[in-house]
Amino acid sequence: MLTGRQQTGGITLLVVCLLSILGAVALTSGEKKTADPSPETRSSSLEIRLAGDARRHGVYFVPAGSTAFDVLKRSGEWDNDPHRISLPAGLLRPLNRGDLVQVVTAPDGKRWIRLSQMPAAERMTLGIPLDVNTASVEELTLVPGIGPKTAFLIVRERDRRKVFHALEELAAVPGIKGKRLEGLRPYLTAD
């Protein structure tokens, strides 16, 4: 029988999948159509979500080294209203896989950008590994093969060590050894 957290995690993952599908449909219904990148292109690109008050929400595959400005240009958002979007200097840094670029409209009509990370369930759906050094117990339970008890033990070991330098260090967590550790590699990273 599933626990409440597992049910909530499953429902969250389902909702994120549905939102991703709706975002893809919305992207293909606009004027500009972006083809899904090939596996070769996808491996050298970043998955970035544009959200908030943006006109063209969705996940964009942009080249490594791209900034929030590059995502706004690619989506056409910048061309639609360049004088009303404020880009603080800190947002001109290169983006990371799974970043969330949100367009926020202030009460005075001025628009600005907020940068954060996609929810863990969405990152997992896109094949973006979770960082074992920052993931919460709830986020770790989204990983196939990790239940609430193992997730708790991982976080406890992380707190004891302060940081995992490599995934091999997860072998110190009770119940995670050779084959199980190998099964977790596609879903976790120690950045």
Tally of residues being touching an Asp or Glu at 6+ places or on another chain (Cβ under 9 Å), modelled with pLDDT under 90 and under 26 Å from residue 118 (Cβ atoms) across the range 135-162: 0
Inspect all residues belonging to the range 145-159 and state whether any of them is under 30 Å from residue 78 (Cβ atoms) and of a type in the set (Gly, Ala, Ser). no
Requiring at least 3 residues that are crowded, with 19+ Cβ neighbours inside 10 Å and free of Cβ contacts under 8 Å to residues at least 40 places away in the same chain, the helices (runs of 4 or more DSSP H) wholly within the range 97-181 are 148-161
Could you go through the range 162-185 and let me know if any residue there is in contact with a strand residue (DSSP E or B) (Cβ under 8 Å, 6 or more places away or on another chain) and of a type in the set (Asp, Glu). no
Looking at the range 46-81, which of the residues that are out of contact with any Lys or Arg (no Cβ under 8 Å at 6 or more places or on another chain) and part of a helix (DSSP H, G or I) is modelled with the lowest pLDDT? 78
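The values are calculated or read from the model by the stated rules, or taken from the named source; none is laboratory data. Every value quoted in this text rests on a predicted model; they were computed, and no experiment measured them. Cβ atoms come from the backbone with ideal geometry, glycine included; neighbour counts cover every protein chain shown.
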